[in-house]
Amino acid sequence: MQATSLRARVTSFVEHRLFHDVIILIIILNAVTLGLETAPSIMARWGHVLGFVDRAIIGVFVVELVLRLFAYRVSFFRSGWNIFDFVIVLISIIPAAGALSVLRAMRILRVLRLLSVIPQLRKVVEALLKGLPGMGAIVLVLILVFFVGSVLATKLYGADFPVYFGSIGESMFTLFSIMTLEGWADVAREVMGKYPLAWLFFVPFIVVSAFMVLNLFIAIIVNSMQEAAEGERAAERDAAHDAHGELMLTVSALRADIERLREEMGRK
């Protein structure tokens, strides 16, 4: 009984808004300290202080995780966001030495915990994940466009421009840069100096890859976010409807009790 009461108090504590806000502030502080550690001049003077703050923040995260595990027990692992937090904290406490020294740089992943503790960011990520199945088909279309374009570019321009189109891999990298519209005109003009009609290849490729396929990505993401927002509003309406129904049942029960009391008073 005491354990149940203690668990209830711990659950209330970890779900309190103040506790939630403090964790957010600590994550932001951790982001600042990790950023300061990249400056050699600051590390030379304040490195020991930053190291102490980093260890203290890890301790806070571990304590938070233990409290949540105690409060929710097995149900803690039923949430993907809780598993995400668990993995991030686990990486933080693994000794970053020897073959695991790369994990020291992975400490910056702690900042990603903001995605799990801020509801608005969590909704965005969930909408992106829901849109992944639709994105898969678009990725296949984009890969097909890149493959066809790379083969054509390699055969047409590879001999004269080996830096850009010497192989399929180099052609894919060049076409990816062109798709981002970063310096594509310079590449196109350079090729057009040798092949004046090369624009017949570059312009359709940009239209298909940048303007059509990538916009489909954006459309799927926007649609997923709209569906998530509509689902949330529907859940709120259902909750309000249920609350209204419970209120009406309570009012009806009170009316019945009042009528029964009136009848009893009348008989007396």
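The values are calculated or read from the model by the stated rules, or taken from the named source; none is laboratory data. Quick caveat, the model's predicted, so the values are computed rather than measured. All Cβ positions, glycine included, derive from the backbone under ideal geometry; neighbour counts span all protein chains shown.
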Consider segment 9-38. How many of its residues are at pLDDT below 85 and not in a helix (DSSP H, G or I)?
2
Among the candidates 144, 140, 115, residue that is of a type outside the set (Phe, Trp, Tyr) and farther than 16 Å from residue 213 by Cβ:
115
What's the total number of residues in segment 114-171 that are of a type in the set (Lys, Arg) and in contact (Cβ under 8 Å) with a residue 60 or more places away in the chain?
2
Kindly provide the set of residues from segment 162-192 that are in a loop (DSSP other than H, G, I, E, B) and in contact with a Ser or Thr (Cβ under 9 Å, 6 or more places away or on another chain), ordered by number.
166, 167, 183
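Tell me, which residue of segment 126-139 that is surrounded by 15 or more Cβ atoms within 10 Å (Cβ to Cβ) and modelled with pLDDT under 80 is farthest from residue 55 (Cα to Cα)?
By that ranking, first place goes to 134.
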Just name the residue that is modelled with the highest pLDDT out of those in segment 39-55 that are surrounded by 13 or more Cβ atoms within 10 Å (Cβ to Cβ) and under 16 Å from residue 108 (Cβ atoms).
53
Which of the residues spanning segment 81-117 are loosely packed, with under 13 Cβ neighbours inside 10 Å, farther than 17 Å from residue 60 by Cβ and at pLDDT 70 or above?
87, 94
Number of the exception - residue 75 against (1) modelled with pLDDT of 85 or more; (2) surrounded by 13 or more Cβ atoms within 10 Å (Cβ to Cβ); (3) small (Gly, Ala, Ser):
(2)
